[in-house]
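Just so it is clear, none of the values below were taken in a lab; they were calculated from the coordinates. From a predicted model like this one, the values you see are computed outputs, not experimental measurements. Cβ sites come from the backbone with ideal geometry, for glycine too, and all protein chains shown count toward neighbours.
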Amino acid sequence: MTVISVPMDFNAEDLYVDLRSIVGQALFLKCEGFNFAGSIKLKAASEMVAAAERNGVLKPGCVLVESSSGNLGVALSIIAASKGYGFLCVTDARCNLSARRFMEAMGGRVHIVAEPTAEGGLLGARIAHVAALCAADERYVWLNQYANADNWRAHYRTTAPAIARRFPQLDVLFVGAGTTGTLMGCARYFREWHRRVRVVAVDSVGSVTFGGEPGRRMIPGLGTSVRPALLDESYVDDLVRVEEADTVRACHRLARRGFLFGGSTGTVVSGAVEWLSRHDGHEVTAVAIAPDLGERYLDTIYQTNWLQALYGEGVLATEELAADVGSA
Ligand SMILES: Cc1ncc(COP(=O)(O)O)c(C=O)c1O
């Protein structure tokens, strides 16, 4: 029995899905969506809040303010509600409705930024809005997930050692890159580990995180329009870029087997399968990280009209999904 009195105290750290029968590659998917925030972001949020309290930056009466496409905002709204802080999330139209409703149910406020800046796109506009709020009122505290070292430290302390404990023979780890907190925390940990592990970053096409041209991205979580300050590419062994249409197909392929995951999981799985097929993946022990679950995406990734409007009528050709499953 597990008994808790604050929502941050529960997180399923040890759940993996063996994807071999679904994707045809030996790949273990670490599920990070089983906590009260429904995502891996609870770890980064808890670590950043705890550090800000220790440093005296965050005190009673403060209002946490953060730019988030949804999941960090949800996690911070829970922590703020539990600890008695205010919370304001600055986001854009890609933040799904259920995440907004969730934050508001926790007593948080949500500001939606509509106009991208010329240099930084919507993310740049969100950050400019946060900075303006903080400049206007000293009760606002911005933890800044894009530059806060406690974001990656959360994964250095928890996610990576948990994987190392269960997979002592780990060869390759696939991590999606948003703020790159998960990526940098895991990569730093495994660089110091006794065994060489290849850390493969997975990003979406249209993201500028690892260079390249900015492009349309509709699926929240992974990818940026401003390079994240936390990223140190010297820790990253390889990079896979995934088209959103492939993300969508991977999500539906998993759903057809009863696993409803979020968009970034589809991206990471798609990238991992592609990488493993190029590197004779049957010989390696491989783990990928699934940041959240799929319920928040029922009106987007799992909704036919939304999909067809953005990615075309054939994005989920039934023959293709059937063939995928059959080839596993
Ligand atoms: C669903 C989802 N996937 C992936 C990520 C990326 O994680 P990180 O910011 O640690 O790179 C996020 C971050 O918000 C997310 O919400």
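Above 20 angstrom, tally the Cα pairs of region 79-172 and express them as a % of all pairs, no decimals.
Numbers: 2405 of 4371 pairs.
Here the tail beyond 20 Å accounts for 55 percent of pairs.
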key: Amide proton proximity set for Leu58, modelled H, under 5 Å, gap of 5+   = Glu53
Length gained when the stretch Phe210-Leu310 is fully extended (0.36 nm per residue, less Cα-Cα span) = 33.6 nm
request  = Send over the Kirkwood Rh of region 18-57, from the inverse of the averaged 1/r over different Cα pairs, rounded to one decimal Å.
outcome  = 12.5
key: Relative contact order (percent, whole number), the chain, Cα cutoff 8 Å, 6+ residue spacing   = 19
note = Helix 244-255: inclination vs the chain longest Cα principal axis, degrees, rounded to 10, gives 80
message = Please report the antiparallel percentage of the DSSP beta bridges confined to region 51-152, to the nearest 5.
response = 10
task = With the convex hull built on the Cα atoms of the chain, state its orientation-averaged projected area in nm².
result = 16.8
note = Distribution output for region 1-119: share of Cα-Cα pairs per 5 Å bin in percent, first bin at 0, values 2, 11, 18, 19, 16, 13, 10, 6, 4, 1, 0
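With a Förster radius of 30 Å, plug the Cβ-Cβ distance of Ala26 and Leu298 into 1/(1 + (r/R0)^6) and report the FRET value to the nearest 0.05. Walk me through the intermediate numbers first.
Details: r = 30 Å, r/R0 = 1.00.
E between Ala26 and Leu298, to the nearest 0.05, is 0.50.
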query = So what's the back-of-envelope 222 nm ellipticity for the chain, counting only DSSP H runs of four-plus at -39500 (n - 2.57) apiece and dividing by all residues, rounded to 500?
reply = -11500 deg cm²/dmol
key: Sites Lys59 and Ala105 - FRET efficiency at Förster radius 41 Å, r taken between beta-carbons, to 0.05   = 0.95
Region 43-87-region 163-230 distance, computed between alpha-carbon centres (Å) = 24
request  = Give the Cα extents of region 39-81 along the principal axes, in whole Å, largest first.
outcome  = 26, 17, 17
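If you take the alpha carbon radius of gyration of region 110-248 and divide it by 2.2 N^0.38 Å, what ratio comes out, to two decimals?
On the way: Rg = 16.5 Å, N = 139, 2.2 N^0.38 = 14.3 Å.
Cα-based Rg divided by the globular estimate yields 1.15.
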note = Bridge orientation stat for the chain from DSSP, antiparallel percent rounded to 5, came to 20
key: Ala135 paired with Glu192, simple spin-label distance in nm, labels 7 Å along Cα-to-beta-carbon   = 3.8
Isotropic mean projected area of the C-alpha convex hull, region 208-328 (nm²) = 8.6
note = region 80-168: relative contact order from alpha carbon pairs under 8 Å, six or more residues apart, as a whole percent, is 19
ask   = In nm, to one decimal, how far is the modelled label at Ile112 from the one at Asp237, with both set 7 Å along Cα→Cβ?
value = 4.3
